[in-house]
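The values are calculated or read from the model by the stated rules, or taken from the named source; none is laboratory data. Quick caveat, the model's predicted, so the values are computed rather than measured. Methodologically, a virtual Cβ is constructed for each residue, glycine included, from the backbone with ideal geometry; neighbour enumeration extends over all protein chains shown.
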Amino acid sequence: MDLYSDARLYDRLFPGGGPAVDFYRAEADRQGGSVLELGCGTGLKLIPIAADGHPCIGLDLSPQMLAEARRKADERGVEVQWVQGDMRELDLGRRFDLVVIAANSLLHLHEADELVDCFRSVRKHLAPGARLVLDVFNPSVNLLAQADGVRRRRDALSYVDPDRGAVHVDVAETYDAAAQVTRGRWYFSTDAAADFAVAPLEIRSIFPQELPLLLSLGGLRVVERFGDWSRTPFAAGSALQICVCEAD
């Protein structure tokens with residue numbers, strides 16, 4: 001099983017909403033005009049932005065996630081153009097006023113060259129005065145050191161499935177320091193069905209001094225960096241790296 005092959009499971013696991021959606025809606029309003037989201041998933045952020053009146057395109061590699069996004073947008077009566085594609089090789093033939101890469105989507109690109117290719121693709125799609133806004137977690141060396149391969153319950157990820165009932169999630173992870181990639185397996189269980197689904201997940205870490213350099217290689221520069229959704233300036237203890245970028 002791929003974690004992104006069951007879009008409704010994904011939405012139960014990561015329901016989204018709240019301050020992150022409010023932040024990106026405010027960014028879209030500040031920029032005005034059209035919005036492109038890369039790694040849009042099931043549209044948790046893009047559908048509300050489109051509902052505010054912005055012309056929107058959502059791109060994702062997963063057809064299952066896009067199908068769920070399309071269903072949700074149709075249910076709300078919101079028009080969004082959904083495109084299956086790779087954020088590393090982007091050529092939509094037009095430019096946008098805002099490009100968004102939210103919710104750690106960028107961290108599925110593990111090689112530095114892939115990240116630079118993505119940023120170069122983004123730059124080609126920025127209209128004059130446009131911005132790229134992205135968020136990734138701020139890596140904690142202490143947490144990475146605890147990725148010892150031992151399977152542990154993640155109570156914060158538990159959710160209720162309308163058919164199965166309460167679902168518990170266990171995660172076993174190891175950290176590859178040379179690649180800066182955390183390699184994990186996620187185990188989904190109910191009291192009646194242990195490990196009814198098992199999904200691998202590999203996520204890269206991008207460190208705070210590394211991210212601006214990668215963006216620069218892609219022709220972009222950071223103009224604002226926040227540590228949380230209330231726009232607190234980024235600091236060592238920030239959980240997030242929220243970057244607002246412009247063409248260099």
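How many residues are within 17 Å of GLY218 (Cβ to Cβ), without any contact (Cβ under 8 Å) to a residue 40 or more places away in the chain and buried (at least 17 other Cβ atoms within 10 Å of the Cβ) if we restrict to region 68-96?
1
I need every pair where a residue in region 149-164 that is in the same structural domain as THR182 (by TED's automatic domain parsing) and within 16 Å of TYR10 (Cβ to Cβ) has its Cβ under 8 Å from the Cβ of a residue that is of a type in the set (Asp, Glu) and modelled with pLDDT of 95 or more, sequence separation at least 6 or different chains.
ARG154/ASP170
Which condition number in (1) of a type in the set (A, V, I, L, M, F, W, C); (2) farther than 18 Å from LEU132 by Cα; (3) out of contact with any strand residue (DSSP E or B) (no Cβ under 7 Å at 6 or more places or on another chain) is the one that ALA20 fails?
Condition (2) is where ALA20 drops out.
Step by step: first the residues of region 184-194, then only those that are of a type in the set (A, V, I, L, M, F, W, C) and part of a strand (DSSP E or B), then the one that is nearest to PHE137 (Cα to Cα). Which residue is that?
Per the criteria, the residue is TRP186.
List the pairs whose first member sits in region 49-67 and is within 14 Å of ASP97 (Cβ to Cβ), whose second member is among the basic types (Lys, Arg), and whose Cβ atoms are under 8 Å apart, counting only residues at least 6 apart or on separate chains?
Every condition considered, the pairs that remain are ILE49/ARG25; ASP52/ARG25.
Just give me the residues in region 161-186 being under 18 Å from HIS108 (Cα atoms) and out of contact with any strand residue (DSSP E or B) (no Cβ under 6 Å at 6 or more places or on another chain), in sequence order.
ASP176, ALA177, ALA178, ALA179
Looking at region 40-58, can you tell me whether even one residue there is of a type in the set (Lys, Arg) and crowded, with 21+ Cβ neighbours inside 10 Å?
yes
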